[in-house]
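The values are calculated or read from the model by the stated rules, or taken from the named source; none is laboratory data. Everything numeric here is computed off the predicted structure, so don't read it as measured data. Note that we place each Cβ from the backbone using ideal geometry, even for glycine, and neighbour counts take in every protein chain shown. Each accessible area value is taken on the protein alone, full model and side chains, heavy atoms only, with ligands, DNA and RNA left out. Shrake-Rupley method; radii C 1.70, N 1.55, O 1.52, S 1.80 Å.
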Amino acid sequence: MEYKDSQLIENYLGGDQHALELLFDKYRNVFYSYFNRMMSNNFSDADDLFQELWIKIATSLHQCKDRDNFVYWAFRIAKNLGIDHFRKQKMKFAGNIEDVGNVVLDESGPVWESIDNEILQKHLDDFLSKANPELKEVFEMRRAGLSFKEIAELQNCSINTALSRMRYLVNGLKKGLEDYYGSL
Amino acid sequence: MDHFEKMEKRLLNLPRQEFRTPDFFDINFKIQVAKLQQKTRRQTMALAAAFVLSTLAIVVSIQLAVKTAPAAVMSADTPQTAAVTAVSPAKSGENLESSGFEISWSKSEDIKNLAQAVTSAQWQIDTFNPITLQE
């Protein structure tokens, strides 16, 4: 039986320790995937951040106001943890917002539809590994079900910029595939 | 649904890689530790606040006592004790009562006790001074 996030949170705050485990099981892949992507598959750092995230979630869950939108709240913590981590390492977490610009999508040919999931996944991973952090983030957040409005709030940019980032990803990936496979 | 939306949907619906994430039980252990630390931190803060408040109360009481005590202590050694206690306490008593303190000044014995209490309070402040403790 699938419980709603709000129900799990209330149960946990009411003293049911098992509720946190259910919440963990539900979202572990979402956040682990996010940290791995942001850390460019540095598993050790991703592990640390992932653990830190759940400790923060468990100790401050009472502060989650919109309990039906737990993912958004948790992503905010995850993002801050990522920023702190990069700051400690004196690296840049976020790239230049302007570098994406307005991307117009090429409407020609249903390249995607004919490609196998596995191949597409491989190309996506390759593309994202070279992409700037915001692009990776937009993809992971969209995958977790966040709206462009929520992503824009988390990334502190306009909705259009968040949307452009996703368009850039989609278009860039399509171009990469075409270059690789010729005229599919 | 436009072309972008179709492509995005396809990408987002790609099967998610099943990661071998850290174990929940390991994390849960750390969560319990963090909660304990949080609780201890809260208790320490409460203790620190209580300490600061009690120290402040002692300091205030000493200041009030020091303002009024010299005359009273002096009078305790003189034969005019009764006269002094009859006049002086009324004034000092007003100040003390307004601060929430009630001290009887009717006997010279009380004045000596107060002087001792002031000395004892000063000793406590010196002894439990955070700076002294750190050293």
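Some observations on this one:
- A count restricted to segment A:159-184 and to residues that are open to solvent by 60 Å² or more (accessible area, probe 1.4 Å), more than 14 Å from chain B (Cβ to nearest Cβ) and part of a loop (DSSP other than H, G, I, E, B) stands at 1.
- Search result, residues across segment A:13-26 that are within 11 Å of chain B (Cβ to nearest Cβ) and surrounded by 14 or more Cβ atoms within 10 Å (Cβ to Cβ): A:LEU20, A:GLU21, A:LEU22, A:LEU23, A:PHE24
- Conditions (1) at the interface with another protein chain (Cβ under 10 Å from one of its Cβ atoms); (2) touching a helix residue (DSSP H, G or I) at 6+ places or on another chain (Cβ under 6 Å); (3) open to solvent by less than 40 Å² (accessible area, probe 1.4 Å): number failed by A:LYS136: (1)
- Residues in segment B:1-38 that are more than 7 Å from chain A (Cβ to nearest Cβ), closer than 28 Å to A:LEU13 by Cα and in a helix (DSSP H, G or I): B:PHE25, B:ASP26, B:ASN28, B:PHE29, B:GLN32, B:VAL33, B:LEU36, B:GLN37.
- Residues in segment B:27-53 that are within 17 Å of A:THR59 (Cβ to Cβ) and surrounded by 11 or more Cβ atoms within 10 Å (Cβ to Cβ): B:ILE27, B:ASN28, B:PHE29, B:LYS30, B:ILE31, B:GLN32, B:VAL33, B:ALA34, B:LYS35, B:GLN37, B:GLN38.
- Residue in segment B:86-107 that is modelled with pLDDT of 55 or more and either touching a helix residue (DSSP H, G or I) at 6+ places or on another chain (Cβ under 6 Å) or away from chain A (no Cβ under 14 Å) (or both) present: yes
- Figure legend. Inter-residue proximity from segment A:155-184: first residues farther than 15 Å from A:LEU124 by Cβ, second residues open to solvent by 30 Å² or more (accessible area, probe 1.4 Å) and among the charged types (D, E, K, R), beta-carbon distance below 7 Å, spacing 6+ or different chains. Indicated pairs: A:ILE159/A:LYS149; A:LEU184/A:GLU178.
- Residue that is within 11 Å of chain B (Cβ to nearest Cβ) and within 21 Å of A:ASN132 (Cα to Cα), where the choices are A:ASN36, A:ASN80, A:ASN29, A:ASN42: A:ASN36
- Filtered residue count, segment B:39-73, keeping only those that are within 14 Å of chain A (Cβ to nearest Cβ) and in contact with a helix residue (DSSP H, G or I) (Cβ under 9 Å, 6 or more places away or on another chain): 0
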